[in-house]
Every structure is written in C-alpha cells, then in structure tokens.
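Below: one structure, written as structure tokens.
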Amino acid sequence: PHLAALVLARGGSKGIPLKNIKLLAGVPLIGWVLRAAIDAGVFHSIWVSTDHDEIEKVAKQFGAQVHRRSPEVSQDSSTSLEAITEFLNHHHEIDIVGNIQATSPCLHPSDLIKVADLIQKEGFDSVFSVVRRHQFRWSEVKKGENKMTEPQNLNPAKRYRRQDWPGELYENGSFYFAKRHLIEKGYLQGGKMAYYEMRAEHSVDIDIDIDWPIAEQRVLSFGYFGKEPLKEVKLLVCSIDGCLTNGRIYVTEDHKEMVSYDYRDTAGIDLLKKRGIQVRLISDRDCSKTLSAMQLGCVAKVNVTHKLQVLKDWQEDMGLSWKEVAYLGNEESDVECLKQAGMSGVPADACAAAQKAAGYICKSRGGCGAVREFAEHIFLLLEKVNSARKQ
C-alpha cells in the first residue's frame, strides 16, 4: 500500500504569522518534521498541503512535494479532515495517510518507523500519538454556580506519589495515521485503532508565541538533527565577504577599499578560540589588506577559485572528520562547502541556493552579528554533545 506523509501548512496562522516557516533553532519550523519524515524511509511520498507560495518554496527545499490546497479548505474554520480529504481526492494512488503536525519539531524518525509497522504490518486502521501525563484533574466550577469542585482522577485522602501512579494518556497531536477508507467515511480515528506513546521530551507543540523560546531550547536538547550523531566542532571556516562583513566595499577617491564589520562578530571569533575551536577565513577575492587591518589572528586563504578544495585540504591537514567541521557561507560559491560540512550556517541575507544548502539560517545579516550568532549556535549544540556523553 502507498503510505504518504502529509503535513498541513496553511499560510494564515492567527497566532504567529507564517508560523510554519518561521525559523526555530535556525531551521524553518516545517523543516524539522520533513527531515524526520524523509529520514524515516517508510513513506512512498512526502507532501505538504499549503495555500502559500513561501511555504511551498520551503517545502520543496526540504524535499517534499506540494499540494496546493483550495481556498475552501484554507479558511480559519477549515478542519484537518477537510484538507486531508481534498488531498486524497487529487491523489488516488495513496492508500494510507500519515498526517504529521508541522508544529511538532521534536518528532524523530524512529517514532514514524514504528507507527508505519503498526498500520502496515499489524493491520491497524488508524494510529495516533499520545503522551503520558501525571496530572490530577478536578471538575470545573463556573462562575456563579453554587457548588464545590470534585476530584476526577484521584482520591484526595490517598494521593498517589508520582512514582506509584502510571498517569494518563493524552493526545499530543504530533501525528494521525489513517487508511483511505476510514478518511472517506469522515474519520481520522476509527476502525481498529492503536495509540503510539511518545516520550514526553519529544512532545513539543508550538501553539502560541510564548512557546517559541521554550521550544528552541527543547529542540536543541531533544530534536532530531540527522542520521549521524553530532560531534564536537573543532574547526569553523567562515566566508569573509557577506558573512564577516556585510559584503559592501567602499572606495575612496584615491582608490583605496574600505569594509565594515561588527565588533560582535570579532568577539564571537574570540569566544570560539577560547573554547578550543580553530577559526579560518576564506574569500573569493584578495582581501589580505582588510584582514591585516582587522587583526583577527586567523589563518586565511584569499583569491580562492575552488573553496571546497581548500576546505578539504584544511580538514585533512587537521585530521578531522566532516562532522567536526562547521562552515558559514552566503553565496553560490559556498554551496558545496555548506553541503559537505557537518554543521553549516548562512546569514539571513544569504542567497537562496546557500540558504537551501545550510542547516542553520541566522536571524542576523552578514556583517551584522551573524558570525557571533552562529558561534552561539555551535556552543548550544556542543552542550547537546556533552549531555549525550554524560548519559
């Protein structure tokens, strides 16, 4: 049977404008679940249903196909079931839909693999995600009602200790898998049903703006970053023009060139060095005088025709794996380096090709704090590496 992953990503979010492609820990929100779906390797096709051009662009960058949903199922009042039904009406080859919520950035491929087995091998018609919570519930007393609240799932005289109570299962909304015949009858849950219990730390659901900074920390701690485990970064290679500087060149009357840079970026380079991370600089043009004036104390290579070859030479000379190399670039000449490095980033104003190849997109523009921001991102991921070692 054809199993398709489907992410519903409407453009008209009320709480956070274009929430589905807002950067979360340097990756568009929808990118986290698409990465997990692709790496799971269980889907015959992966789709994003959207009504917005920018969301379509990001979906394709992450390797998904796009279904342009109609205005009728793109309203605030439209339900997920309506959007999924419309999608199936246009794709008769699909037998099972795995509806994955875009706002669940801590989803892991291992969860999707196990759910696919439940519905394909064990014959369930629908499977949905739940999380176990240890919360005592009480009946609601509305204002003006002359009555007392009542316990719903506990005896106040014999309150459970957390370790003695298994808790209760709640839907966490991460995904809903269902077979076509069930959806055509108007159900996402029905027939032979099963739940799949996700780990609490993976059950992140972004719904309101205040959740965003909390979710970024959760993603950095518990998110899925790719098939290979993270390693400690030992080398950062940074493109000079457009990353360390803003890319502008000022020419004086006597034909001398001047560029500007942000002190925050030089401070970021110093912090990296103090953490034992080497920083090397690279440029397409000859900017040796500029580097000399900046006094950064970094190994640099200028007038470079093939950046990837230089990057390979440095990686081999230092005896590093690619997972130990980070790269910050912004132009098409950086694309191959961004793809090769274990950790890659671009400033907010990088070209489209570079943004597509990068693993992290800075909020800052080139020459305006992007190097410092990427350094802080490296530090956060190093904390994740160190935490994994301790475990």
Dipole axis of the chain (+1 Lys, Arg; -1 Asp, Glu on Cβ), positive-most option in 375, 299, 38
375
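With charges only on Cβ, +1 for K and R and -1 for D and E, what is the dipole size of the chain about its Cα centre, in debye, rounded to 20?
With Lys and Arg at +1 and Asp and Glu at -1, about 1220 debye.
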Counting other Cβ atoms within 10 Å of each Cβ, which trypsin sites (Lys or Arg not before Pro) in segment 41-139 have at most 12 and sit in a DSSP loop?
121, 137
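So which GluC sites (Glu not before Pro) in segment 78-130 end up in coil per DSSP with only 12 or fewer other C-beta atoms within 10 Å?
93, 122
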Would you mind putting 272-284, 144-156 in packing order, based on average other-beta-carbon counts within 10 Å, highest first?
272-284, 144-156
In the chain, which helices (entire DSSP H runs) extend 27 Å or more along their own long axis, judged by Cα positions, while averaging at least -1.0 on the Kyte-Doolittle scale?
370-390
With no solvent and one equal point scatterer placed on each C-alpha of the chain, evaluate the Debye formula and give log10 I(q)/I(0) for q = 0.14, 0.15 Å⁻¹, two decimals.
-1.19, -1.29
Looking at the square roots a ≥ b ≥ c of the eigenvalues of the Cα gyration tensor of segment 264-376, which shape do they give, rounded for a/c under 1.5, prolate if a/b is larger than b/c, or oblate?
rounded
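Express the accessible area of segment 1-154 per residue in Å², computed with a 1.4 Å probe while the remaining protein chains stay in the model.
On a per-residue basis, segment 1-154 sits at 45 Å².
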Per residue, how large is the accessible surface of segment 235-389? Use a 1.4 angstrom probe and give square angstrom.
48
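Once you compute Rg and the Kirkwood Rh from C-alpha atoms, what is the Rg to Rh ratio for segment 232-329? Spell out each step's value before the answer.
Working: Rg = 14.0 Å, Rh = 14.2 Å.
Radius of gyration relative to Kirkwood radius: 0.98.
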In deg cm²/dmol, rounded to 500, what helix-only [θ] at 222 nm does the chain give when every DSSP H run of at least 4 residues adds -39500 (n - 2.57) and the total is split over its residues?
-9500 deg cm²/dmol
Quick one: divide the alpha-carbon radius of gyration of segment 144-203 by 2.2 N^0.38 Å and tell me what you get.
1.73
Pairs of Cα atoms under 8 Å, at least six residues apart: use those to get the relative contact order of the chain, whole percent.
15
How much length is gained on full extension from residue 137 to residue 75, taking 0.36 nm per residue of separation minus their Cα-Cα distance?
18.9 nm
Carbon and sulfur atoms account, in whole percent of the 1.4 Å probe accessible area of the chain, for 48
For residue 248 and residue 305, what is the calculated FRET efficiency with R₀ set at 22 Å and r taken between the beta-carbons, to the nearest 0.05?
0.45
Once the mean of 1/r over all distinct C-alpha pairs in segment 3-222 is inverted, the Kirkwood radius in Å reads 18.8
Tell me which residues come under 5 Å, amide H to amide H, from residue 69 once H is placed; ignore anything under 5 positions away on its chain.
50, 51
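Remind me, what semi-axes does segment 104-201 give for its equivalent ellipsoid, largest first in whole Å, using sqrt of 5 times each Cα gyration tensor eigenvalue?
Working: eigenvalues 223, 70, 29 Å².
Listed largest to smallest, the semi-axes of segment 104-201 are 33, 19, 12 Å.
The values are calculated or read from the model by the stated rules, or taken from the named source; none is laboratory data. Because the structure is predicted, anything quoted here is derived from the model rather than measured. Note: ideal-geometry Cβ built from the backbone for every residue, glycine included; neighbour counts use all protein chains shown. In case anyone asks, the SASA skips ligands and DNA or RNA and just uses the protein heavy atoms, side chains included. Shrake-Rupley method; radii C 1.70, N 1.55, O 1.52, S 1.80 Å.
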